[in-house]
Amino acid sequence: MKKQWLSIMTIVCVLTTSIQFPGFAVTKGNSNYEKVDVATSSDVKQEQENELDKIEEVENQYNQDFEKKLISAIQDDVKEFEIDEYGVLVKYKGDGGDVVIPNGVTGIGDFVFSYCSSLTSIGIPEGVTSIGDGAFMWCGSLTSIEIPKRGNKYRRLCI
């Protein structure tokens, strides 16, 4: 039995061109074995973690840039609205009439439309989750406010 086992091992060794052990490998070359460095699993794991960190960093930067560009685009396209960095409408500079707040706005600040006597109707997009105190106070011509059907909760709507 021992002799048979040794014969199988000899055949396996003759047919094998390389053997790998943790941290290094030996490769058969002209009947001599030589040491070849191989990355360990901890090296590979560290490389993967570094790559994931880089990906996360790029993704975070992309999200920040996208958010800034979105707010900038909203402000450039719609000159009658002043929107802060958080997407909150803080000032209305328009002439009144039928006004539709642009998409991307997340809130309406306090007293934004107050005393705008020429404002007749206002459309509020779904992204608006808060309306500040007195936002439409003393708007005597305001006859219609279009609020999204979703269940946004507003403190109070003073008109």
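The values are calculated or read from the model by the stated rules, or taken from the named source; none is laboratory data. For clarity, every value in this text was computed on a predicted model and none was experimentally measured. Cβ sites come from the backbone with ideal geometry, for glycine too, and all protein chains shown count toward neighbours. These accessible areas exclude ligands, DNA and RNA; they are computed on the full protein's heavy atoms, side chains included. Shrake-Rupley method; radii C 1.70, N 1.55, O 1.52, S 1.80 Å.
Average accessible surface for the range 79-124: 51 Å² per residue, computed with a 1.4 Å probe over protein heavy atoms with every protein chain in place.
The packing ranking, built from the mean of other Cβ atoms within 10 Å per residue, places the peptides 86-97, 112-123, 56-67 in the order 112-123, 86-97, 56-67, highest first. Surface listing: 79, 149 arranged by accessible area from highest to lowest gives 149, 79, probe 1.4 Å. Between amide H atoms placed 1.01 Å from N, distances below 5 Å from residue 127 occur with 104, all of them 5 or more places distant or on a separate chain.
Backbone geometry of the range 120-134 corresponds, through the Karplus equation with coefficients 6.51, -1.76 and 1.60 at θ = phi - 60°, to 3J(HN,Hα) couplings of 9, 8, 9, x, 10, x, 4, x, 6, 10, 8, 10, x, 4, x Hz, x marking Gly and Pro.
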